[in-house]
1. Quick check: residue separation of Gln26 and Met1 times 0.36 nm, minus the Cα distance between them. What number comes out in nm?
2. Excluding Lys10 itself, calculate the net charge of residues whose Cβ lies under 12 Å from the Cβ of Lys10, where each Lys or Arg counts +1 and each Asp or Glu counts -1.
3. What are the lysines whose alpha-carbon lies under 20 Å from the alpha-carbon of Lys19, with same-chain residues fewer than 8 places away excluded?
4. What net charge do the residues around Lys20 carry, taking every other residue with its C-beta under 14 Å from that of Lys20, with Lys and Arg at +1 and Asp and Glu at -1?
Amino acid sequence: MKKPNYQFEKRQRELEKKKKKEEKAQKKASSAEQPQDAEVAASAEESK
């Protein structure tokens with residue numbers, strides 16, 4: 001019977017966590033930009 005490669009499995013889990021964390025950070029950054037753009041547009045309309 002073949003011995004399990006725990007290091008490979010751990011590395012795969014770490015890569016998956018890193019990928020998920022980066023996606024979450026990117027989503028958070030993009031959602032943080034949207035309200036700012038809306039506020040800038042609203043203040044620009046008020047100044048007209």
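1. Result for the pair: 4.7 nm of gain on full extension.
2. Local net charge: 0.
3. Cross-link targets: Lys10, Lys27, Lys28.
4. Taking every Cβ under 14 Å from that of Lys20, the sum is +4.
Quick note: the coordinates plus some simple rules give every number you see, no bench work behind them. As the structure is a prediction and not an experimental result, all values here were calculated from the model. Don't worry about glycine lacking a Cβ; one is built from the backbone with ideal geometry, like all the others, and counts go over all protein chains shown.
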